[in-house]
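Here is the structure we will look at, set down as C-alpha cells.
Bear in mind that the values in this text are calculations on the coordinates, not laboratory data. These numbers come from a predicted model, not from an experiment. Every residue, glycine among them, receives a Cβ derived from its backbone with ideal geometry; neighbour counts consider all protein chains shown.
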Amino acid sequence: MTESRKRVAILISGRGSNMEALIRAARAPDYPAQIVGVFSNKPDAEGLRTAASHGIATAWRWHKDYPSRTGFELALSDVLRLWRPDIIALAGFMRILTPEFTERWKGRMINIHPSLLPLYRGLHTHEAVLAAGDKEHGCTVHFVSPGVDEGPTILQARIPVLPGDTPDTLAERILVEEHRIYPEALALVARGAATYPG
Ligand code: GRF
C-alpha cells in the first residue's frame with residue numbers, strides 16, 4: 001500500500017487544525033494518501049510547529065518577501081518540486097492563488113471552507129449565516145478553481161443553527177465536522193473516487 005499512496009502537500013497560514021486532522025488520518029495503514037510536506041505563507045504559523053512535531057517536513061515562504069503573486073508562487077512551486085506531491089490540500093491557506101497556478105493543479109488541489117458553498121464565499125461565514133437567519137450551516141470540501149471558494153463540491157457536512165448560537169459556537173461545532181469530512185474527502189480524491197467533472 002505504502003508505495004501506491006498519493007503524495008499530499010498541505011498549504012496553511014495559521015493554526016493548522018485541519019492539517020493535523022489530515023496528518024492523523026494518514027497514519028492509518030490503509031489510508032490512500034501520505035502527507036509529504038506542510039507549507040506556510042507565514043513564518044510564524046502555529047501549524048508549522050504542529051507538523052514538525054508529527055515528523056512532517058515543513059517550509060515557509062513569506063508572501064511579503066515577494067513583489068508579486070506570481071513571484072511567491074514560483075517560490076512555492078520550487079518547494080513543491082522537492083516534495084513531488086500528487087495532490088495539494090489547502091487548509092486555512094489565506095492567499096489567493098493565480099488562475100495559472102489553479103489551472104496547473106486543476107483536479108489535484110482541494111480546499112475546505114466553513115460554509116455550505118455556494119453560500120457565503122470568503123471570510124466571516126458564521127456572522128453571515130446568523131445575519132441571514134439561516135436554520136442550517138456547514139462546511140464544504142471542494143476542488144479549487146480560479147474563483148475564490150468556488151469549484152466542484154466533493155463533500156459537505158451540515159449542522160443546525162441553534163437558538164443562542166454565536167459566531168464562536170458555530171465555528172466550534174463546524175470545526176468538528178471539518179476535521180471529519182476533510183480526511184474523508186482527501187481519501188476520495190486520492191482513490192480517484194472523486195474527480196473534477198468534465
Ligand atoms: C477553517 O475553518 C477552514 O475551513 C478555513 O480556515 C479555517 C482554518 O482552520 N478555510 P485551521 O487552520 O485548519 O485550524
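Of Val79, Val176, Ser40, whose Cα points farthest to the positive end of the dipole of the chain (charges on the beta-carbon: +1 Lys, Arg; -1 Asp, Glu; origin at the Cα centre)?
Val79
Taking the Cα-to-Cβ direction at Thr195 and at Ile159 and moving 7 Å from each Cα, how far apart do the two end points lie in nm?
Taking the two extended label points, one gets 3.5 nm.
What is the set of long-range amide H partners of Ile159 at a cut-off below 5 Å, with H atoms built 1.01 Å from backbone N?
When sequence neighbours closer than 5 places are left aside, the close amide H contacts are His137, Gly138.
Is any helix in the chain, taking whole DSSP H runs, at least 18 angstrom long along its axis by alpha carbon and on average at least -1.0 on the Kyte-Doolittle scale, and which ones? If you can, show how the numbers build up before the last one.
Numbers: long enough: 69-83 (21 Å, 0.35); 167-191 (35 Å, 0.02).
Helices meeting the criterion: 69-83, 167-191.
Mean separation of Cα pairs under 8 Å and 6+ residues apart, divided by the residue count of region 76-163: what relative contact order is that in percent?
27
At a threshold of 8 angstrom on Cα-Cα distance, excluding pairs fewer than six apart, so keeping six or more, what relative contact order does the chain reach in percent?
The normalised contact order for the chain reaches 20 percent.
With a 10 Å cut-off between alpha carbons and a GNM built on the chain, which of Gly55, Gly37, Gly107 moves the most?
Result: Gly55 has the largest fluctuation of those listed.
Summing -39500 (n - 2.57) over the DSSP H runs of n ≥ 4 in the chain and dividing by its residue number, what mean residue ellipticity at 222 nm do you reach, to the nearest 500 deg cm²/dmol?
-11000 deg cm²/dmol
For Arg104 and Ser4, FRET efficiency with R0 = 25 Å and r from the beta-carbon atoms, rounded to 0.05? Mind dumping the intermediate values first?
Values: r = 24 Å, r/R0 = 0.94.
That gives a FRET efficiency of 0.60.
Separation of region 154-198 and region 46-110 by C-alpha centroid, Å?
22
I want the antiparallel fraction of DSSP beta bridges within the chain, as a percent rounded to 5. It would help to have the intermediate numbers written out before the result.
On the way: 11 of 28 bridges.
Roughly 40 percent of the DSSP beta bridges within the chain come out antiparallel.
For the chain, modelled as a GNM with alpha-carbon contacts under 10 angstrom, which of Lys135, Lys106, Lys42 fluctuates the most?
Lys135
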